[in-house]
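Visitor: My questions all concern the structure below.
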Amino acid sequence: MANFGPKDIKKLREMTDAGMMDCKQALAATDGDMDKAQEWLRKKGLGAAAKKAGKVASEGVVAVKADGNRAFLVEINSQTDFVAKNEKFQAFVAEVLEHLAANDFDTVEEVNASEINGQPFADYLALQIATIGEKLEVRRYAKVVSDGSIGSYVHANGKVAVIVSSDAADVEDALKNIAMHAAAMNPKYLNEAEVPAEVIEKEKEIAKEQLIKEGKPEAILEKILPGKINRFLQDNTLENQKFVMDDKISVADSLKQANKDAKLAQYVRFELGEGIEKVEEDFAAEVAKQMA
């Protein structure tokens, strides 16, 4: 007969912030001893992980691993930039990158549902949270595969990372330069074909309203709009942007200087924390809370 009941589970949960079932397992494993149950949870990393679950993880790194004809891009978040710079976090990122290359996942959901080092990825992550001391999250992941060439670039120690590919062989150096360009200029799309039709229509609406406000006659609007849309496409597609290393040519033309038949095939760009709503925290208050 178990030496604990629902009240003990509730008490342990309040003390540790671990999940209800985790608390039940801890008490079962320690014959109802509350102190040993807390220690059991700490060793598993479950209490620490639960306490961090509500925090916002918007720092961290975006990282790339190239492996032959494949390249992997991942965003791994922490709560603070300070933790993102420490050796334990960097070792964790390196281990995840090796895991990605070894298993060739297609989606971030597959990554988080996988097994690593003989344990569920969620348990592995909980242990890292307990060790490092902050909420951690594998947020985004992308894979690029090419029969030709792949180039990549990581900027500012993991603030921005880019992978680009081409079906042409032996253009890695040119692609690296293009990846550097993309890191700086942040094109939203690879080429015109990737721009959704609804985005073009919305740009037409905006441009039309601007022209009307400028007093342009209705009769000439349709003649002006194509030029406005072409400018939008030039500014927002990687192939058509002016190349930062030589603004007399486009990015697509810069690749053709390396191989006249080369074309860009894939483009992925991650910027750390984009799309995450950051919460401003009172650091002094947080420290005081931890010491209380």
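The values are calculated or read from the model by the stated rules, or taken from the named source; none is laboratory data. This one's a predicted model, so the numbers in the text were calculated from it and none came from an experiment. Cβ coordinates were reconstructed from backbone atoms using ideal geometry, including for glycine residues, and neighbour counts include every protein chain displayed. Please note that ligands, DNA and RNA were not included when accessible areas were found on the heavy atoms of the full protein model with its side chains. Shrake-Rupley method; radii C 1.70, N 1.55, O 1.52, S 1.80 Å.
Visitor: Set the Förster radius R0 to 30 Å, insert the Cβ-Cβ distance between ALA193 and GLU110 as r into 1/(1 + (r/R0)^6), and round the FRET efficiency to 0.05.
Guide: Numbers: r = 27 Å, r/R0 = 0.91.
That pair, ALA193 with GLU110, gives E of 0.65.
Visitor: Once label points are set 7 Å from the Cα along Cα→Cβ at both GLN119 and PHE82, what is their separation, rounded to one decimal in nm?
Guide: Calculated label separation equals 2.6 nm.
Visitor: How far, in nm, would the chain grow between ASN3 and ALA94 when pulled straight, counting 0.36 nm per residue and subtracting the alpha carbon separation?
Guide: Details: separation 91, 0.36 × 91 = 32.76 nm, distance 4.33 nm.
This chain segment gains 28.4 nm when fully extended.
Visitor: Quick check: net charge around LEU97, other residues with Cβ under 10 Å of its Cβ, Lys/Arg +1 and Asp/Glu -1?
Guide: Working: positive: LYS65; negative: ASP67, GLU95, GLU98.
With Lys, Arg at +1 and Asp, Glu at -1, the neighbours total -2.
Visitor: Also, quick follow-up: Can you tell me the accessible area per residue over region 130-255, all protein chains present, probe 1.4 angstrom, in square angstrom? Intermediate results must be reported in sequence, preceding the final value.
Guide: Details: 6730 Å² over 126 residues.
Heavy-atom SASA per residue in region 130-255 reads 53 Å².
Visitor: Modelled label-to-label distance, ARG231 and ASP167, 7 Å Cα→beta-carbon offset: nm?
Guide: 3.4
Visitor: To continue, here is another question. Among 160-172, 218-230, 244-256, how do they line up from the highest to the lowest mean number of other beta-carbon atoms within 10 Å?
Guide: Values: 160-172: 22.1, 218-230: 12.0, 244-256: 16.2.
The peptides rank, most packed first, as 160-172, 244-256, 218-230.
Visitor: In addition: I'd like the distance separating the alpha-carbon centroids of region 179-245 and region 67-135, in whole Å.
Guide: Region 179-245 and region 67-135 have Cα centres spaced 38 Å from each other.
Visitor: Quick one: pull the percent of accessible area on the chain belonging to carbon and sulfur, 1.4 Å probe, ligands and nucleic acids left out. Don't skip to the answer; put the middle values down first.
Guide: Values: 8160 of 16610 Å².
On the chain, the fraction of accessible area on carbon and sulfur atoms equals 49 percent.
Visitor: Hey, what did region 222-263 get for relative contact order, percent, Cα under 8 Å, at least 6 apart? Before the final figure, lay out each step's value.
Guide: Working: 28 pairs, mean separation 8.9, N = 42.
Relative contact order of region 222-263: 21 percent.
Visitor: Using the Karplus equation 6.51 cos²θ - 1.76 cosθ + 1.60 (θ = phi - 60°), what ³J(HN,Hα) coupling, rounded to whole Hz, does each residue of region 62-77 give in order, writing x for Gly and Pro?
Guide: 10, 9, 10, 10, 9, 8, x, 8, 10, 9, 10, 10, 9, 10, 10, 9
Visitor: Extending each Cα 7 Å along its Cβ direction at ASN103 and ILE206, get the distance between those two points in nm, one decimal.
Guide: Taking the two extended label points, one gets 3.9 nm.
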